[in-house]
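Reading through the structure tokens given below for one structure.
The values are calculated or read from the model by the stated rules, or taken from the named source; none is laboratory data. As the structure is a computational prediction, the values presented were derived from the model and not from experiment. Methodologically, a virtual Cβ is constructed for each residue, glycine included, from the backbone with ideal geometry; neighbour enumeration extends over all protein chains shown. Just so you know, the surface numbers come from the protein's heavy atoms only, side chains and all, with ligands and any DNA or RNA stripped out. Shrake-Rupley method; radii C 1.70, N 1.55, O 1.52, S 1.80 Å.
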Amino acid sequence: MRDDLLVLARDLRVKFTTGVNAVNGVDFDLRQREVLCILGESGSGKSVTLRALMRLNPPTKTIMSGTLELGGRDVVQASENEMSDLRGPFVSMIFQEPMTALDPVFTIGRQITETILRHENISRRKARRRALELLELVQIPSAKRRLDAYPHELSGGLRQRAMIAIALSCRPKLLLADEPTTALDASVQIQILLLLREIQQELGMGMIFVTHDLGVAGEVADRIAVMYAGRFIEEGPVADLMRQPLHPYAKGLLGATVHEGSRGKRLTTIPGAPPDLRDLPGGCAFAPRCTEAEGACLAHLPELRTPVPDRAARCIHVDDRPAAFGERLAS
Amino acid sequence: MLHIDQPEDRGGPAQPLVIARGLAKYFPLKRGLFGSGGAVKAVDGLDLEIKKGETLAIVGESGCGKSTVSRLLMGLIPPTAGEVLFDGELVGSAALPAKEYLRQVQMVFQDSYASLNPRLSIEESIAFPPMVHGLGRTEAVERAHDLLDAVGLAPGLFAGRYPHELSGGQRQRINIARALALRPRLIILDEPVSALDKSVEAQVLNLLMDLKEQFGLTYLFISHDLNVVHHVADRVLVMYLGRAAEIGPVESIFAAPGHPYTRGLLASRLSMDPTKRRKTPPLTGDPPNPVNPPPGCRFNTRCPIAEPVCSNSQPNLAAIGHTIHALGHEAACWALVPGSGHSLATRKVA
Ligand SMILES: Nc1ncnc2c1ncn2[C@@H]1O[C@H](COP(=O)(O)OP(=O)(O)OP(=O)(O)O)[C@@H](O)[C@H]1O
Ligand SMILES: Nc1ncnc2c1ncn2[C@@H]1O[C@H](COP(=O)(O)OP(=O)(O)OP(=O)(O)O)[C@@H](O)[C@H]1O
Ligand SMILES: [Mg+2]
Ligand SMILES: [Mg+2]
């Protein structure tokens, strides 16, 4: 195994005791300094996947299977203690609603300091100095004064920054972000996206960023994985995927996204609704809504196909000729 | 005659459907330990017109007062100052009593779930308002079924369902159908697609455009999504901290924004092209506290071109467009006012 591999997932599955099959065989690698965006609509399994990486789904109600390794350490079978050692120093997470991560009764400075002291054997003074550095890193103005602020005293944008500071407090190698800008204004959203990208590069972290907004992925991702009914139905470099998606669902999503130039035109829509995750169809889960579907689509789950190196989609209508790209270039 | 059909156009096409003048809403702060007596100036002196048949969009950062404007227009809260005219009649006057006005104006909110009664079936939810206004049960149910058809939900499948049995997009369609049930003339849509997935958002936006045509509606459309606004609006009002920063035809505003705040807001849109990512955020910082708005132009504390005049006095909306396409394009910025003392303002021609 290459030692810059942060995440290795093979046939990762997450099922709930309620019968919901939330994640249904996800494969991916994430390397150091790489940013993967998981793009998908509500209920597609983005958050459950992200929580699975930290094993944060409710333990008594979750059945996890397949292979999942963080930095070479197995997550599926790890003990609770082993997981606690990973959370913080190796992997941490930021959320859409900062108040879920911030404790309203403690100051920002105290929360960062405590997080550091829980994982590292350093003095309180040193921890507090690091807390100040972190607030400066996330570009909170008058950082020194803000150490003593309570979460409710900060604006939405500043709270988001404070939450990011807390997530970074143990210098994780991998940062997970679950729609951290969805509730923000356009002007604050772009600030936070640029900040995350900057910090990710500065600290050399890997990042997995969950979003339902293609535009957001376009600002931060190196690669995009499009998720539908608990599977990655397409994966590839951000620019290629945004310019020319391969999978009919990814194409549909792109067409439905309001963009400059759509004014006065009808938007393309995707008919129907996502499948019931308690009772998934046998083959391609998108087939019942797909205009290109045929009998074979429902017979088996389509394999990942690779029309050009570095891109893949689960659709039988996509070429599987890794050589085709070179041939076309040559002709 | 029961008041359940769309009322006639009284003022004619040239008469704006809505005129709001000097609209203000201050929310008094709870008296704390120090007996403050201050107030949140959520809307602070806003003039606005909505023309018949148009879609006017309001954009602006969170907390700038968009929803307060819609609640004022809906009569859900009393204004601190100002008046509203509907088709030329003063709302609340003998010519247009509040109750009659409220039937002609309906609202659709962001939260599709909270706006529906969980104990009423879809059919009952839609038929209820017309029945309250005196329409018989049979006719009201018939109308509910027609409206379900109009919003693309087969009555046979959906009429008997309850809100929890529907997806977010389906619930939002029900809210739209219900808003249509009293045959209103104006629909206020406050972030109607913000909670929806992109594929569902597209369906609802298409639907809103179709219904507007079919029912001869006028929309006030509030959204923080500038791409959505560009897609649906005829005119755009840009608000900043309770006041109008800019107003005008959508194409003119998007092509040639006059106010530095509008420029920053538009530049904050996602690029949709990974090869053209921005490097620096167009706007920094947060809007100031609406309890103590800064003196002068409210944007001066974050404005890249602020000069002393900007913190001295408050600019008003003034025409900035000079072409036919920019007719009615106005911005409130001293840099655009000749003779204002701002160095970027062209010198006053005698
Ligand atoms: N703890 C749980 N118990 C049972 N089902 C769950 C649990 N958490 C999530 N689910 C279900 O798993 C599916 C995937 O949910 P998930 O939260 O991952 O969606 P998502 O892609 O993040 O959607 P959204 O964009 O709405 O956040 C959904 O059907 C959801 O209801
Ligand atoms: N009932 C209320 N009491 C006190 N303050 C209020 C009340 N309603 C709104 N405000 C304040 O008035 C200001 C304007 O709020 P409003 O809801 O109109 O903003 P908005 O532009 O709709 O924002 P958003 O985009 O977040 O919906 C905000 O500062 C808000 O906190
Ligand atoms: Mg989620
Ligand atoms: Mg609002």
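Taking chain B as a Gaussian network, where each spring joins two C-alpha atoms under 10 Å apart, which residue of B:ARG302, B:ARG173, B:ARG235 fluctuates the most? Comparing B:ARG302, B:ARG173, B:ARG235 in a Gaussian network model of chain B, the most mobile one is B:ARG302.
Magnitude of the charge dipole for segment A:5-330, about its Cα centre and with charges confined to Cβ atoms of Lys, Arg (+1) and Asp, Glu (-1), is about 860 debye.
Taking the accessible area of the protein assembly as shown, probe 1.4 Å, and keeping the other protein chains in place, the carbon and sulfur fraction comes to 52%.
Simple point charges give the picture: +1 on the Cβ of Lys and Arg, -1 on the Cβ of Asp and Glu, and for the protein assembly as shown a dipole about the Cα centre of about 1860 debye. Straight Cα distances below 28 angstrom link B:LYS51 to the lysines A:LYS265, B:LYS25, B:LYS41, B:LYS66, B:LYS99, B:LYS212, with same-chain residues fewer than 8 positions distant left out. Buried surface for the B/A pair, taken as the accessible area of each chain alone minus that of the pair with a 1.4 Å probe, is close to 3400 Å² in total. Does segment A:5-330 come out rounded, prolate or oblate by the C-alpha gyration tensor, with a ≥ b ≥ c the root eigenvalues, rounded set by a/c under 1.5 and, if not, prolate when a/b is larger than b/c and oblate if not? Prolate, because a/c is 1.5 or more and a/b exceeds b/c. Sites listed here are trypsin sites (Lys or Arg not before Pro) in segment A:1-99 whose DSSP assignment is loop and whose Cβ has at most 16 other Cβ atoms within 10 Å: A:ARG2, A:ARG33.
Within the listed set B:LYS279, B:LYS198, B:LYS30, the Gaussian network model of chain B (springs between alpha-carbon atoms below 10 Å) gives the highest mean-square fluctuation for B:LYS279. For B:VAL40, the amide hydrogen comes within under 5 Å of the amide hydrogens of B:PHE27, B:LEU29, counting only partners 5 or more places away or on other chains and with H modelled in the peptide plane.
For segment A:82-88, 3J(HN,Hα) computed residue by residue from phi via the Karplus equation (6.51, -1.76, 1.60; θ = phi - 60°) reads 4, 5, 4, 5, 6, 6, x Hz, glycine and proline entered as x. Evaluating 6.51 cos²θ - 1.76 cosθ + 1.60 at θ = phi - 60° for every residue in segment A:68-79, the Karplus couplings come out as 9, 10, 10, x, x, 9, 5, 9, 4, 9, 4, 6 Hz, glycine and proline recorded as x.
In terms of its alpha-carbon gyration tensor, segment B:251-336 comes out oblate; a/c meets the 1.5 threshold, while b/c is at least as large as a/b. Convex hull of alpha carbon positions in the protein assembly as shown: directionally averaged projected area 36.5 nm².
For B:ARG298, the shell of other residues with beta-carbons less than 14 Å away shows a net charge of -1, using +1 for Lys and Arg and -1 for Asp and Glu.
Label separation (A:ALA296 vs A:GLN201): 4.3 nm, computed from points 7 Å beyond Cα along the C-beta direction. Each Lys or Arg adds one and each Asp or Glu subtracts one; over the other residues with Cβ under 12 Å from the Cβ of A:ASP11, this totals +2. Counting charges near A:THR115 (Lys, Arg +1; Asp, Glu -1) among other residues having Cβ under 15 Å from its Cβ returns a value of +4. In terms of modelled amide H atoms, which long-range or inter-chain residues lie less than 5 Å from the amide H of B:MET107? When sequence neighbours closer than 5 places are left aside, the close amide H contacts are B:ILE188. Spacing of the modelled spin labels on B:HIS164 and B:GLU139, each 7 Å from Cα toward Cβ, amounts to 3.6 nm.
Result for chain A in a Gaussian network model with C-alpha springs under 10 Å: among A:LEU298, A:LEU50, A:LEU196, the largest mean-square fluctuation is at A:LEU298. For segment B:85-98, 3J(HN,Hα) computed residue by residue from phi via the Karplus equation (6.51, -1.76, 1.60; θ = phi - 60°) reads 10, 10, 6, x, 9, 5, 5, x, 7, 4, 5, 9, x, 3 Hz, glycine and proline entered as x.
Here the simple spin-label model places points 7 Å from the Cα toward Cβ, and for A:ARG125 and A:ASP310 these points are separated by 5.1 nm.
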